[in-house]
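See below for the structure under consideration.
The values are calculated or read from the model by the stated rules, or taken from the named source; none is laboratory data. Since we're looking at a predicted model, the values are computed, not measured. Glycine gets a Cβ as well: all are built from the backbone with ideal geometry, and neighbour counts include every protein chain shown. Accessible surface areas use protein heavy atoms only, side chains included; no ligands, DNA or RNA. Shrake-Rupley method; radii C 1.70, N 1.55, O 1.52, S 1.80 Å.
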Amino acid sequence: MLRIEVITIFPELFEAFRTTGVLGGAIERGLLELSAHDLRRFTRDRHRTVDDIPYGGGPGMVMKPEPLVEAIEALAGAKGPERKAHVMLMAPQGAPFTGQRARELAREEQLVLVCGRYEGVDQRVIELAVDEEISIGDYVLSGGEVAAMAVSEAVSRFVPGVLGNPDSTASESFESDRLEGPHYTRPVEFRGLAVPEVLRSGNHAEIARWRRERALERTRSRRPDLLTGGEER
Ligand code: ADE
């Protein structure tokens, strides 16, 4: 079973997250575990300090190495070929997180997601204790917590049994290298906008074709980079 451990100075952010929605249901059903660990538990000074000023000067603070390395080693053991856990630092400098990476990570036994705060993390933490740095997009968050939630959710969807219908990952955006098209539900007309006739036709071949076309159109205009491998797949 997949165990996700998060290291953060804001463990309370994960309380509602881990009991809500698809992820909450999966945890309740025993398909995966998610625990948030307070980094300050791994400090030794009276003020429970997790950051310090940067060598070389500059703005902001840097996360100190001692509490982070101790927290990671307490949860995952020392870095090396013996270690079973995969330790990931959430960082805007990381490699881009993708659906493909989520699918691979779902096969791990234990993921340790380390959330940075402040300007960054002492480089020695990365060298001594982290296996992979990962970014969820080209923007800067104030901390890695939202990124850790994004990774946890995306990974959990690939854990067998988490989604009721095994098809639902297959047709979704990025699982088929193109964006999903539009969806409609009742009422058939809302504020003067009608549901496209074809979706009400009952003609499943026509519906499938319409959906493929809309998906392709949307992908061409919003994400042409996804289509470089041949559009008629
Ligand atoms: N921490 C701050 N910004 C981030 C990002 N874009 N991805 C992952 N972790 C982050």
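Within the range 68-75, is there a residue that is at negative phi and either part of a loop (DSSP other than H, G, I, E, B) or without any contact (Cβ under 8 Å) to a residue 24 or more places away in the chain (or both)? Steps first, please.
Keep residues of the range 68-75 that are at negative phi, which gives 68-75.
Of the ones still in play, those that are also either part of a loop (DSSP other than H, G, I, E, B) or without any contact (Cβ under 8 Å) to a residue 24 or more places away in the chain (or both) are none.
Checked the range 68-75: no residue is at negative phi and either part of a loop (DSSP other than H, G, I, E, B) or without any contact (Cβ under 8 Å) to a residue 24 or more places away in the chain (or both).
Yes or no: the range 56-72 includes at least one residue that is within 21 Å of LEU2 (Cβ to Cβ), modelled with pLDDT of 95 or more and crowded, with 18+ Cβ neighbours inside 10 Å. Walk me through how you get there before you give the answer.
First, the residues of the range 56-72 that are within 21 Å of LEU2 (Cβ to Cβ): 71-72.
Still in the running and modelled with pLDDT of 95 or more: 71-72.
From the residues that got through so far, the ones that are crowded, with 18+ Cβ neighbours inside 10 Å too are 71-72.
Within the range 56-72 (the criterion being within 21 Å of LEU2 (Cβ to Cβ), modelled with pLDDT of 95 or more and crowded, with 18+ Cβ neighbours inside 10 Å), the answer is yes, since at least one residue qualifies.
When you go through GLY164, GLY181 one by one, which is the residue that is without any contact (Cβ under 8 Å) to a residue 40 or more places away in the chain, open to solvent by less than 30 Å² (accessible area, probe 1.4 Å) and part of a loop (DSSP other than H, G, I, E, B)?
Details: GLY164 fails: open to solvent by less than 30 Å² (accessible area, probe 1.4 Å).
On inspection, the qualifying residue turns out to be GLY181.
Being touching a residue at least 12 places away in the same chain (Cβ under 8 Å), surrounded by 13 or more Cβ atoms within 10 Å (Cβ to Cβ) and not hydroxyl-bearing (Ser, Thr, Tyr) is the filter here, so list the residues in the range 39-48 that pass it.
LEU39, ARG40, ARG41, PHE42
Collect the residues in the range 119-148 that are among the aliphatic types (A, V, I, L, M) and within 10 Å of the chain's Cα centre (by Cα), keeping them in residue-number order. Don't jump to the end; show me each part of the working.
Looking only at the range 119-148, we keep the residues that are among the aliphatic types (A, V, I, L, M), and these are 121, 125-126, 128-130, 134, 136, 140-141, 146-148.
Within the range 119-148, ILE134, ILE136, VAL146, ALA147, ALA148 meet the criteria.
Is it fair to say ILE27 is out of contact with any Phe, Trp or Tyr (no Cβ under 7 Å at 6 or more places or on another chain), without any contact (Cβ under 8 Å) to a residue 60 or more places away in the chain and either in a helix (DSSP H, G or I) or open to solvent by less than 80 Å² (accessible area, probe 1.4 Å) (or both)?
Values: out of contact with any Phe, Trp or Tyr (no Cβ under 7 Å at 6 or more places or on another chain): yes; without any contact (Cβ under 8 Å) to a residue 60 or more places away in the chain: yes; either in a helix (DSSP H, G or I) or open to solvent by less than 80 Å² (accessible area, probe 1.4 Å) (or both): yes.
When the stated conditions are applied, ILE27 passes them.
Any chance the range 142-155 includes a residue that's touching a strand residue (DSSP E or B) at 6+ places or on another chain (Cβ under 8 Å), at pLDDT 95 or above and over 25 Å from ARG3 (Cβ atoms)? Talk me through it step by step, then tell me what you get.
Initially, the range 142-155 is screened for residues touching a strand residue (DSSP E or B) at 6+ places or on another chain (Cβ under 8 Å), giving 142-145, 147-148, 151-152, 155.
With at pLDDT 95 or above added as a condition, the list becomes 142-145, 147-148, 151-152, 155.
When the remaining residues are screened for being over 25 Å from ARG3 (Cβ atoms), the result is 142.
Yes, the range 142-155 contains at least one residue that is touching a strand residue (DSSP E or B) at 6+ places or on another chain (Cβ under 8 Å), at pLDDT 95 or above and over 25 Å from ARG3 (Cβ atoms).
For ILE7, indicate whether it is touching a Lys or Arg at 6+ places or on another chain (Cβ under 9 Å) and of a type outside the set (S, T, N, Q).
Values: touching a Lys or Arg at 6+ places or on another chain (Cβ under 9 Å): no; of a type outside the set (S, T, N, Q): yes.
No; evaluated as a whole, the condition is false for this residue.
Out of (1) surrounded by fewer than 12 Cβ atoms within 10 Å (Cβ to Cβ); (2) within 30 Å of ARG178 (Cβ to Cβ), the odd one out for MET88 is which?
Answer for MET88: the failing condition is (1).
ALA36 - would you say it is surrounded by 16 or more Cβ atoms within 10 Å (Cβ to Cβ), in a helix (DSSP H, G or I), small (Gly, Ala, Ser) and in contact (Cβ under 8 Å) with a residue 24 or more places away in the chain? Talk me through it step by step, then tell me what you get.
On the way: surrounded by 16 or more Cβ atoms within 10 Å (Cβ to Cβ): yes; in a helix (DSSP H, G or I): no; small (Gly, Ala, Ser): yes; in contact (Cβ under 8 Å) with a residue 24 or more places away in the chain: yes.
Criteria not met by ALA36.
Give the residues of the range 2-17 that are charged (D, E, K, R), out of contact with any His (no Cβ under 9 Å at 6 or more places or on another chain) and in a strand (DSSP E or B), sorted by residue number. Quick ask: steps written out before the conclusion?
First pass over the range 2-17, keeping only residues charged (D, E, K, R): 3, 5, 12, 15.
Next, only the ones that are out of contact with any His (no Cβ under 9 Å at 6 or more places or on another chain) stay: 3, 12, 15.
Result: ARG3, single match.
Checking ASP51 against (1) free of Cβ contacts under 8 Å to residues at least 60 places away in the same chain; (2) over 24 Å from the mean Cα position of the chain (by Cα), which single condition isn't satisfied?
Exception for ASP51: condition (1).
The conditions are (1) more than 22 Å from PRO11 (Cα to Cα); (2) in contact with a strand residue (DSSP E or B) (Cβ under 8 Å, 6 or more places away or on another chain), and ARG124 fails exactly one of them. Which is it?
The single condition ARG124 does not satisfy is (2).
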